[in-house]
Amino acid sequence: MTIELIRLHRLSIPLVRPFRTSFGTESVRDVILVEAVTGDGVHGWGECVTMSWPGYSYEYGNSAIAVMAEHLLPSLRELDADAGPEDVRAALDVVRGHPMAKCALSTALLDAWLRGRDRSLADYLGAQRDRVDCGVSVGIPTSESIVELLDEVGQYVDAGYRRIKLKIEPGWDLEPVSAVRSAWPDIPLQTDANQAYQRSDAQYLARLDEFDLLLHEQPLPEDDWYGHVLMSQACRTPICMDESIHSAASADSALTFGAASIINIKPGRVGGYLTARDIHDLCRDRDAPVWCGGMLETGIGRAANVALAALPGFTLPGDTSASSRYYEVDVTPPFVLEDGQLAVPTGPGIGVDPIPEVLADLTVWSTELRPE
Ligand code: NPG
């Protein structure tokens, strides 16, 4: 595959409700969509999951645009007509870090490559299901009101979501978890702290064990591997890693050291769908459950995530919620929840396209790049 042109579309999309986590609040999603046009005229799409500021990771929208234009695209200059997705990954690997930018670019190229072969991403990755179980991630209410939290969770339970994830932080943990567990004694429930606690909080977080949770996600800073070992020893609730996992090697380390027993796989965090599949394969060999994380994606990123979540090792519901959980109007035809599941797209590539008028409406900036 050769590259004719890369078009970047920067969109601004209001969220249906503000999403507050331990690292900040987002009310409008700043999205970068990558459109790749290959030498044979096929168009492919990828989504960059950076936020507008470096709160979740060091990457952010402007850094992704800069690294794509200045380093990633030039690294793909030598691709020839026989080059495939593995060649793209190897060429991008000369740049250190910047996994979200790499994922966006490599997914657009993978999508175009698959469309040219009339093959779906789900089939290419090795998906074995045509529907995936969906969970939903519930932010910290800006009012910090338990009543408001229960109202929001109730709406998701009524909609059919199969698992609830509560964002927690120091000061917003025991009380909300206890309230949700009392209201729904049987719903699969988990927490996500986004690194907000310290090693010394291990005994405190162990008090959440009584609520029969599926897992605690990333309680400690991403580089605190030994802290996660201590946390895993202190809590009966399994520890899951998100921000710490950048590769199959880091997933292997997490499982081997006992820092985590469950892995959240986010393609944007690990540099793309090929590495996401490698992590899945490794965890499956080691009988460690994985699930697909979410980054408030539009239908473009969601389509690819749903294909990934259909692989056999994804045994826990993912943050693959319906379009309506995030946006009034999605940039693709909406993903709709049916009996707590989303259907895996079957068309060539990621199987969905932006709706041109909606894309135009939401776009605040765009540019064209060429690989010379
Ligand atoms: O459903 O897409 C979703 C959101 C899931 O909680 C979620 N994502 O820390 O995993 C996270 C969090 C996140 C969202 C992080 C956006 C960074 C950006």
Go through the stretch 207-220 and give me each residue that's in contact with a helix residue (DSSP H, G or I) (Cβ under 8 Å, 6 or more places away or on another chain) and buried (at least 16 other Cβ atoms within 10 Å of the Cβ).
L208, F211, L213, H216, P219, L220
Candidates S182, S200, S178 - the one that is surrounded by fewer than 16 Cβ atoms within 10 Å (Cβ to Cβ), within 26 Å of Q341 (Cα to Cα) and modelled with pLDDT of 95 or more:
S182
Contact list please: Cβ distance under 9 Å, first residue in the stretch 188-203 and assigned by TED's automatic domain parsing to the domain that holds L149, second residue crowded, with 23+ Cβ neighbours inside 10 Å and at pLDDT below 95, pairs at least six apart or on different chains.
none
Please verify whether the stretch 156-169 includes one or more residues that are within 16 Å of the ligand (Cβ to nearest atom), among the small types (G, A, S), modelled with pLDDT of 95 or more and within 19 Å of the chain's Cα centre (by Cα).
no
Among A91, A36, which is free of Cβ contacts under 8 Å to residues at least 24 places away in the same chain and away from the ligand (no atom under 16 Å from the Cβ)?
A91
Please enumerate the residues belonging to the stretch 125-149 that are among the aliphatic types (A, V, I, L, M) and more than 30 Å from S200 (Cβ to Cβ).
L125, A127, V132, V136, V147
Quick one: count up the residues across the stretch 339-372 that are of a type outside the set (F, W, Y) and not in a loop (DSSP other than H, G, I, E, B).
17
Output for the stretch 43-56, where each listed residue is touching an Asp or Glu at 6+ places or on another chain (Cβ under 7 Å) and over 24 Å from L5 (Cα atoms)
M51, S52
W225 vs (1) touching a Lys or Arg at 6+ places or on another chain (Cβ under 9 Å); (2) more than 17 Å from G293 (Cβ to Cβ): all pass except (1)
Is it the case, given these coordinates, that S27 is loosely packed, with under 15 Cβ neighbours inside 10 Å, of a type outside the set (D, E), within 19 Å of the chain's Cα centre (by Cα) and not assigned by TED's automatic domain parsing to the domain that holds A303?
yes
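The values are calculated or read from the model by the stated rules, or taken from the named source; none is laboratory data. Bear in mind the structure is a predicted one, so any value in this text is a computation, not a measurement. Here Cβ is always computed from backbone atoms with ideal geometry, including for glycine, and neighbour counts include all displayed protein chains.
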